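Take a look at the structure below.
The values are calculated or read from the model by the stated rules, or taken from the named source; none is laboratory data. Bear in mind that the values here come from a model prediction, so they are computed numbers and not experimental data. Please note: Cβ atoms are built from the backbone with ideal geometry, for glycine as well, and neighbour counts cover all protein chains shown.
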Amino acid sequence: MATLMLVFVLSLIATTAMQSAGLEGRMVRNHIDRSIAFQSAEAAMREAGTQLKNATARPDAMRNCSSAPCVLDSSLLEPGWWETADDELWSNKGIQAGNAYYVIEEGEFVPDALSIGHAVPTGRNFYIITSKGMKQTSSGKVILQGAFVKRFN
């Protein structure tokens, strides 16, 4: 009888250990997937910044992107669009960079001086870069946003 109880207790311990190991394995996989998605989104954001950095003239804002550098007209997007955007919006309006997409939105132009004259105003152009990295094994995503400022004149 004691032997049977000992076998039962050892079986319970073994079952609990196996369940715990399985859970830990899923947790590790999720952490790896999130890290990969984050790194993909970060690489896409860097690529978008490089596209803007290398641009010699101010890119015109447009409706849809087909090739980089592409800047979207912010007035065509709802505030917080990236929170509810589906894959179709990312693929239609974004530029693919590896396992990620990025969208560059036109922001404000901030002049250097408040005076208004006949000359072309000098100043800085602000852009909002949003990137989305995707996980390998699930439908999860990581979305990053950043600002980019460049003087074209």
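Return the total of residues in the range 45-57 being farther than 12 Å from I104 by Cβ, part of a loop (DSSP other than H, G, I, E, B) and not hydroxyl-bearing (S, T, Y).
Of the residues in that region, 1 qualify.
What do you reckon, is I36 surrounded by fewer than 16 Cβ atoms within 10 Å (Cβ to Cβ), at pLDDT 80 or above and within 17 Å of the chain's Cα centre (by Cα)? Steps first, please.
On the way: surrounded by fewer than 16 Cβ atoms within 10 Å (Cβ to Cβ): no; at pLDDT 80 or above: yes; within 17 Å of the chain's Cα centre (by Cα): yes.
Criteria not met by I36.
Go through the range 94-153 and count every residue that is out of contact with any helix residue (DSSP H, G or I) (no Cβ under 8 Å at 6 or more places or on another chain) and in a strand (DSSP E or B). Give the steps one after another, and end with the answer.
Restricting attention to the range 94-153, the residues satisfying the condition of being out of contact with any helix residue (DSSP H, G or I) (no Cβ under 8 Å at 6 or more places or on another chain) are 94, 96, 108-126, 139, 147, 149, 151-153.
After this cut, where a residue has to be in a strand (DSSP E or B) as well, the list is 96, 108-111, 123-126, 147, 149.
So the answer is 11.
So which of L77, L114 is among the hydrophobic types (A, V, I, L, M, F, W, C), farther than 20 Å from I36 by Cα, at pLDDT below 80 and within 17 Å of the chain's Cα centre (by Cα)? Walk me through how you get there before you give the answer.
Values: L114 fails: within 17 Å of the chain's Cα centre (by Cα).
Residue meeting the stated conditions: L77.
Out of the range 53-71, which residues are modelled with pLDDT of 80 or more and within 17 Å of the chain's Cα centre (by Cα)? If you could, list the steps in order and put the result at the bottom.
Within the range 53-71, the subset modelled with pLDDT of 80 or more is 53-59, 71.
Within the range 53-71, V71 is the sole residue that qualifies.
Please give the number of the condition W90 fails out of (1) under 13 Å from the mean Cα position of the chain (by Cα); (2) modelled with pLDDT of 80 or more.
Unmet for W90, out of (1) under 13 Å from the mean Cα position of the chain (by Cα); (2) modelled with pLDDT of 80 or more: (2).
For the range 47-58, what are the residues that are surrounded by 15 or more Cβ atoms within 10 Å (Cβ to Cβ) and closer than 26 Å to V142 by Cβ?
Within the range 47-58, E47, A48, G49, Q51, L52 meet the criteria.
What are the residues in the range 1-29 that are within 30 Å of T130 (Cα to Cα) and without any contact (Cβ under 8 Å) to a residue 40 or more places away in the chain, if any? Break it down stepwise before answering.
At the first step, the residues of the range 1-29 found to be within 30 Å of T130 (Cα to Cα) are 26-29.
Of everything in the range 1-29, those that are within 30 Å of T130 (Cα to Cα) and without any contact (Cβ under 8 Å) to a residue 40 or more places away in the chain turn out to be R26, M27, V28.
Residues are listed down the side, and each one gets a yes or a no for (1) within 22 Å of F148 (Cα to Cα); (2) without any contact (Cβ under 8 Å) to a residue 24 or more places away in the chain; (3) β-branched (V, I, T); (4) touching a Lys or Arg at 6+ places or on another chain (Cβ under 9 Å):
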site	(1), (2), (3), (4)
A41	yes, no, no, yes
T50	yes, yes, yes, no
E78	yes, yes, no, no
W82	yes, no, no, yes
E88	no, yes, no, no
